[in-house]
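The values are calculated or read from the model by the stated rules, or taken from the named source; none is laboratory data. Values in this document were obtained by computation on a predicted structure and should not be read as measured data. So basically every Cβ, Gly included, is an ideal-geometry build from the backbone, and we count neighbours across all protein chains shown.
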Amino acid sequence: MNKPVPTTAFSACPHDCPSTCALDVELLEDGKIGRVRGSSLNSYTAGVICAKVARYAERLYHPDRLLKPLRRVGQKGEGRFEEISWEAALDLIAEKFLAVEVEFGAQSVWPYHYAGTMGLVQRDAIHRFRHAKAYSLQFDSFCTNMAWTGYVAGTGKLAGPDPREMAVSDQIVIWGTNPVATQVNVMTHAIAARKKRGAKIIVVDVYKTETMKQADIGLVLKPGTDAALACAIMHVLFRDGFADRDYLEQYTDCPADLEAHLQSRTPEWAAAITGLEVAQIEEVARLFGEVKKTYFRLGYGFTRSRNGAVGMHAAASIGAVTGCWQYEGGGVFHNNGAIYELNKTMIEAPELKDPSVRALDQSLIGRILTGDDAALLGGPEVRAMLIQNTNPVSVAPEQELVKKGFAREDLFTVVHEQFMTETAKMADIVLPATQFLEHDDIYKGGGHQYLMLGPKVVDAPDGPRENIHVINELAKRLGAPDHPGFEMSARDHIDWMLQNSGYGSLGELEAGRWVDLQPDFETAHFLNGFGHADGKFHFRPDWGRSAAPNKPSGAPMGPWTTMPELPDQWDSIERTDERHPFRLVTAPARSFLNSTFNETESSVKKEKRPEVWLRSEDAARFGIGDGDLVKMGNGRGVVTLHARFYEDLTPGTVISEGIWPNEAFPDGRGINTLTGADPVAPYGGAAFHDTAVWVRPAE
Ligand SMILES: Nc1nc2c(c(=O)[nH]1)N[C@H]1C(S)=C(S)[C@@H](COP(=O)(O)OP(=O)(O)OC[C@H]3O[C@@H](n4cnc5c(=O)[nH]c(N)nc54)[C@H](O)[C@@H]3O)O[C@H]1N2
Ligand SMILES: Nc1nc2c(c(=O)[nH]1)N[C@H]1C(S)=C(S)[C@@H](COP(=O)(O)OP(=O)(O)OC[C@H]3O[C@@H](n4cnc5c(=O)[nH]c(N)nc54)[C@H](O)[C@@H]3O)O[C@H]1N2
Ligand code: SF4
Ligand SMILES: [Mo]
């Protein structure tokens, strides 16, 4: 008998990752999925995806998947629930939300979401819901603020040279990102350029990551000192005649001021700040000057500091000094957010938005739920929440406050989830959610230029429902004003958005799988001018005003008036002192994606256990041995975890990879116990990699 040939369906990866891979999903005879592969037809995915998504069947058919709506019967957080029907769950939620609205006002309800799915329909429909009911808004601050603000401060636009041009680069600089773990396709293209053209790969990070292990040159610096490195590099470029003066004259705002300012920012000055050798700084500066086709791939990691926006702007400025932007395979890229220009009004219903409604800061959730008046922006306490696509009781900073807040008996919490996360455990009602292969959606790539369809590939088991089902059903029960968006399916929404954005129709996208929205060469390289009104790259940014791509009105303003005028080391990071001699970086784990996949056995096996990595000399000073159980703490709290000796970092730096559940730590306190939620300059964001701590033996 012939073996049946498995068929293949296509989709797109929904996870919060700049790669947004095009997927080929093997369909087995029994209707289940088999292997998931990267599409080789897609020129960015180029046939490669990460291991965790390749084995997605493990997550889709996980025995712990949520399948039924649940109602809490035990104490808050105790984890005792009983099954109820969808009807009963939705009715109960509506009843509670209406009661809160009547007693405390609509803004006491806070729909809370993030990017567990990046699908534009399933992720962003919650905005239509909040606007329709005038519930509190959310200010997104977990992830992109400092990075986007810093980049746009220079370029005026969140876009850049085609990421596929890395293939024709002579040198690729991977700065403050660990693509082997966090966006694997950057490595595909960088390694291809090395094989084909001998391109050099240069990596800048605070420890020797898996990415740095593959680099020709690796620079390990102290956390939060990237601007010092960038300034010294630019100093050498001007000093040694590598600055492209014609380019500077035509394309930048104040090259003479910058050159004068950098006179004192010598490699010796930067070496003292960064912990690098003078010779290392001189070497890369010369390479950046000599190799015109240099492609800078700037990540998020180095911006998760209190001076992160300044660091990003300084690193991006290097490209404007060398003029590498002019060449194919050259330029500075961070994210392509601005190229899509999608009409999302049917999904989000911005016309229903009341501009007087407050935008609560997502990172300040701990302070908000514990009644901090400043964090509540002077408004009413939060009494009810609907949470989709995020797991704050693991990922949000100031965890002690987050846990305390969710334990409040007078807070009614609804969590729509795929798994019993630590947040779901704190809920009053848990609703089971579909996974991406079980619903339709559309995705845009941050790290590339494709708009991609992710159609439903398999039926969900009986029970889980998609995000828009919950949104639409609740809107009905809550008496939300009529809006056609509440009547539409995900496919209707995708079709409407495509047609109203000038990108064809759903039918066309189904045939083509994706649309390549790469702007032409001149536009992408800013050869027709940068995104600012004067068409120039700005060395002197207008911090906090034009340089604020996702700033909602009413968002908190940080101390932007004290930010440096020109690229410079800004001394605003959390300082070490006698009691807190170390600086902690909470870097990503390769087999987790934020807190996702920490429910899959294979990922947990790979990551083993929560650890803190530190140099043996540093450990010895405190009587810590390799593998010892240690305590790590600061004013925000104390965690217990195992120490591991790791020599490839600067003295005084410690690394803890991955967002493990709080419960994975011996004392039940996870890594975000230690991180701060204070909004950073110029107008907010969480400094996850900028934390002063002490470390000592557990006993
Ligand atoms: N496997 C995996 N993939 C992921 C994620 C994950 O958790 N795991 N998270 C996803 C999400 S939400 C995002 S936003 C992206 C983020 O992906 P990235 O842009 O890669 O950013 P981070 O993951 O925050 O950190 C990347 C690197 O920055 C380094 N770093 C930290 N501080 C500094 C510094 O001061 N200077 C320099 N030069 N480097 C520094 C860290 O050591 C780390 O190696 O990745 C996505 N992909
Ligand atoms: N210490 C430390 N903390 C960090 C970071 C760090 O580097 N260090 N990084 C920060 C960053 S950059 C980010 S972006 C945040 C991310 O943090 P989160 O936004 O919480 O992201 P995930 O942990 O991936 O959780 C997403 C959740 O959404 C659920 N989900 C996925 N798809 C769907 C769906 O279709 N419907 C519903 N209802 N649920 C779905 C998943 O099951 C998962 O539990 O974490 C931040 N926290
Ligand atoms: S690399 Fe990122 S986008 Fe690609 S499959 Fe993995 S998680 Fe998804
Ligand atoms: Mo993120």
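Report every pair of residues separated by at least 6 positions or lying on different chains whose Cβ atoms are under 7 Å apart, first residue within the stretch 126-153 and closer than 25 Å to residue 534 by Cβ and away from ligand 1 (no atom under 12 Å from the Cβ), second modelled with pLDDT of 95 or more and polar (S, T, N, Q). Short answer, once both residue conditions are applied: 150/303. Can you give me the ranges of the helices (runs of 4 or more DSSP H) entirely in the stretch 208-288 with at least 3 residues that are more than 27 Å from the chain's Cα centre (by Cα)? Passing ranges, in order: 226-239, 245-251, 255-262, 267-274.
Restricted to the stretch 31-53, and to residues that are hydrophobic (A, V, I, L, M, F, W, C), more than 15 Å from ligand 2 (Cβ to nearest atom) and out of contact with any Gly (no Cβ under 8 Å at 6 or more places or on another chain), which residue is farthest from residue 590 (Cα to Cα)? Steps first, please.
From the stretch 31-53, those hydrophobic (A, V, I, L, M, F, W, C) are 33, 36, 41, 46, 48-51, 53; that's our starting set.
The next check asks that each one be more than 15 Å from ligand 2 (Cβ to nearest atom); those that pass are 33, 36, 41, 46, 48-49, 51.
Checking the rest, the ones that are also out of contact with any Gly (no Cβ under 8 Å at 6 or more places or on another chain) come to 33, 36, 41, 51.
On the way: 33: 23, 36: 18, 41: 25, 51: 9 Å.
This residue is 41.
Restricting the search to strands (runs of 3 or more DSSP E) fully inside the stretch 409-459 and requiring at least 3 residues that are hydrophobic (A, V, I, L, M, F, W, C) and either free of Cβ contacts under 8 Å to residues at least 40 places away in the same chain or more than 16 Å from ligand 1 (Cβ to nearest atom) (or both) gives 412-417, 429-432, 450-454. At negative phi and at pLDDT below 95: does that describe residue 140? Yes: the conditions hold for residue 140. In the stretch 604-624, the residues that are basic (Lys, Arg) form Cβ pairs under 8 Å with partners that are assigned to a helix (DSSP H, G or I), at six or more places apart or across chains, as follows: 609/664.
Taking the numbered list (1) within 16 Å of ligand 4 (Cβ to nearest atom); (2) touching a helix residue (DSSP H, G or I) at 6+ places or on another chain (Cβ under 9 Å) in turn, residue 199 passes all entries but (1).
Could you please find all residues in the stretch 24-70 being surrounded by 17 or more Cβ atoms within 10 Å (Cβ to Cβ) and within 16 Å of ligand 1 (Cβ to nearest atom)? Result: 36, 38, 44, 45, 48, 49, 50, 52, 53, 56, 59.
When the stretch 493-525 is filtered for residues that are touching a residue at least 24 places away in the same chain (Cβ under 8 Å) and part of a loop (DSSP other than H, G, I, E, B), the ones remaining, listed by number, are 503, 513, 517, 518, 519, 525.
Identify all residues within the stretch 154-174 that are more than 26 Å from residue 362 (Cα to Cα), within 16 Å of ligand 1 (Cβ to nearest atom) and within 21 Å of the chain's Cα centre (by Cα); write none if there are none. Working first, answer last.
Within the stretch 154-174, the first condition is being more than 26 Å from residue 362 (Cα to Cα), and the residues that meet it are 154-155, 160-174.
Still in the running and within 16 Å of ligand 1 (Cβ to nearest atom): 160, 163, 166, 172-174.
Residues satisfying the conditions are 160, 163, 173, 174.
All conditions but one from (1) of a type in the set (Val, Ile, Thr); (2) under 25 Å from residue 290 (Cα atoms); (3) within 12 Å of ligand 1 (Cβ to nearest atom); (4) assigned to a helix (DSSP H, G or I) apply to residue 177; the one that does not is (4).
Could you check, for the stretch 49-57, whether at least one of its residues is within 11 Å of ligand 3 (Cβ to nearest atom) and assigned to a strand (DSSP E or B)? No: zero hits. Taken as a whole, the condition of being part of a strand (DSSP E or B), more than 16 Å from ligand 3 (Cβ to nearest atom) and either under 29 Å from residue 405 (Cβ atoms) or not assigned by TED's automatic domain parsing to the domain that holds residue 11 (or both) applies to residue 71.
Does residue 129 satisfy the condition of being buried (at least 24 other Cβ atoms within 10 Å of the Cβ) and in the same structural domain as residue 423 (by TED's automatic domain parsing)? When the stated conditions are applied, residue 129 passes them.
Scan the stretch 626-641 residue by residue and report those that are over 30 Å from residue 54 (Cβ atoms) and free of Cβ contacts under 8 Å to residues at least 40 places away in the same chain. Reasoning before the result, please.
Let us first name the residues in the stretch 626-641 that are over 30 Å from residue 54 (Cβ atoms), namely 626-640.
Hits for the stretch 626-641 are 626, 627, 635, 638, 639.
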